[in-house]
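Since the structure comes first, as structure tokens, the remarks are kept for the end.
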Amino acid sequence: MSFIEAELAEIKDKLTTQVEGTRIIQCHPALVAVDIMKTKYKQMIARFQFPEGYPDVPILIELQSKTLSLKLCDGLCKVCEAEAKKILGKKQILHVVSFLRTFLDENPFTVCSDELSFIKKDLVTSTDEIKTKHKSGVIILKINEGGYFMHVHLTVPNEYPTNQVEIENKACNFPALFVMTFLGQATEMARQCTEPPLRKKPKDPPFEPTPSLRIVAEHLVKSVRRYPHECCPLCKERALPEDPKDVITSGSNMKYVERVYCGHAFHYGCLNKYLKTPPFEGGKKCPDCGKRVYHDKWKVTPELAEARWAHKEAKRRELDEVMDFLE
Ligand SMILES: [Zn+2]
Ligand SMILES: [Zn+2]
């Protein structure tokens with residue numbers, strides 16, 4: 001039996017039992033092809049060819065995947081060649097397949113390598129901080145803007161993208177209302193990537209989960225960048241204080257910042273006065289974007305607001321008359 005025949009026999013005999021999640025597609029002297037799978041999305045096919053002079057030269061390797069990025073496969077191919085070079089003169093295929101399977105096990109980021117490189121290169125800036133923990137699949141992100149910051153951990157689960165990226169708030173110096181909104185919206189966006197819509201239209205194609213990491217990171221970064229500079233649409237002065245230490249937490253303070261349905265940030269005092277002053281027809285609109293202003297604190301219909309205002313005006317006129325009388 002030649003060296004290559006012996007290696008092929010060993011592959012057929014041991015590969016699938018020794019390396020979990022593998023399947024032999026072809027196994028003959030011209031080509032060995034193995035399917036390596038951890039989850040539906042962490043899957044690749046490795047093809048091997050015996051070059052002239054094998055096993056004293058490294059085996060030829062080609063990697064292909066429907067789910068992992070081309071760039072990752074190319075990079076991984078080079079690493080595999082280096083692995084093969086370490087054991088020249090010996091059987092190399094089993095070793096390389098086992099190496100690839102371990103790589104899939106230990107690198108949760110394989111399924112989101114493109115998303116992660118976008119976040120690192122195009123999303124975060126030199127004022128932010130980003131760290132990645134490869135074994136646990138955690139991205140530590142600290143987004144800084146004008147004295148304000150948000151520090152989150154984004155975890156890429158094993159079953160990504162079937163399961164959504166997990167978001168954990170570590171620290172943040174925005175007002176509590178803003179933190180809740182940023183996180184709530186990001187979580188909802190991620191959920192929509194992984195859960196089919198409740199009302200399915202008959203002609204819709206079957207639901208496929210889509211990656212949620214980039215969407216979540218972009219939303220959080222966009223939110224943190226936006227609000228420190230945003231002005232109240234009514235008084236045109238900055239909504240949040242310049243120094244986060246001066247953030248007002250009392251909801252009835254005139255300078256407390258409310259975030260309404262359209263996303264614009266208003267001072268409580270400015271908004272309260274605006275919503276209680278006519279005209280009321282057609283509902284109150286945001287001066288910056290024209291959308292109706294909805295807020296839980298002011299659940300009033302235009303009619304009710306009108307009636308309240310008329311009542312207050314009547315009281316004021318009465319008082320004015322009394323004042324006139326006293327003068
Ligand atoms: Zn204002
Ligand atoms: Zn608006």
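Assorted remarks:
- Whether a residue is within 16 Å of ligand 2 (Cβ to nearest atom), crowded, with 17+ Cβ neighbours inside 10 Å and under 28 Å from K284 (Cα atoms) was assessed, and V247 does not pass this test.
- Residues (open to solvent by less than 40 Å² (accessible area, probe 1.4 Å) and in a helix (DSSP H, G or I)) located in the stretch 119-128: I119, L123
- Within the stretch 269-287, considering residues that are crowded, with 16+ Cβ neighbours inside 10 Å and under 23 Å from R238 (Cβ atoms), the one nearest to ligand 2 (Cβ to nearest atom): C286
- Options Y227, Y256: the member that is more than 16 Å from ligand 2 (Cβ to nearest atom), aromatic (F, W, Y) and crowded, with 16+ Cβ neighbours inside 10 Å: Y256
- Residues that are in a strand (DSSP E or B) and either open to solvent by less than 30 Å² (accessible area, probe 1.4 Å) or not assigned by TED's automatic domain parsing to the domain that holds R308 (or both) within the stretch 259-268 comprise A265, F266, H267, listed in sequence order.
- Among helices (runs of 4 or more DSSP H) entirely within the stretch 1-118, having at least 1 residues that are outside the structural domain of S212 (by TED's automatic domain parsing) singles out 3-18, 70-86, 93-106.
- Every pair of residues 6+ apart whose Cβ atoms lie under 9 Å, when the first sits in the stretch 8-28 and is within 19 Å of Y54 (Cα to Cα) while the second is part of a helix (DSSP H, G or I) and among the charged types (D, E, K, R): C27/K12
Quick grid of which residues meet (1) of a type in the set (S, T, N, Q); (2) within 16 Å of ligand 1 (Cβ to nearest atom):
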residue: V221; (1), (2): no, no
residue: P233; (1), (2): no, yes
residue: P244; (1), (2): no, no
residue: T249; (1), (2): yes, no
residue: Y261; (1), (2): no, no
residue: D288; (1), (2): no, yes
residue: R292; (1), (2): no, no
residue: K297; (1), (2): no, yes
residue: E306; (1), (2): no, no
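- Residues (among the charged types (D, E, K, R) and farther than 19 Å from G75 by Cβ) located in the stretch 34-61: D35, K40, E52, D56
- Selection of strands (runs of 3 or more DSSP E) fully inside the stretch 129-192 by the criterion of at least 2 residues being open to solvent by less than 10 Å² (accessible area, probe 1.4 Å) returns 138-145, 148-155.
The values are calculated or read from the model by the stated rules, or taken from the named source; none is laboratory data. Quick caveat, the model's predicted, so the values are computed rather than measured. Heads up, the Cβs are rebuilt from the backbone with ideal geometry, glycines too, and the neighbour counts pull from every protein chain shown. Side chains are part of the model used for accessible areas, which takes the heavy atoms of the whole protein and leaves out ligands, DNA and RNA. Shrake-Rupley method; radii C 1.70, N 1.55, O 1.52, S 1.80 Å.
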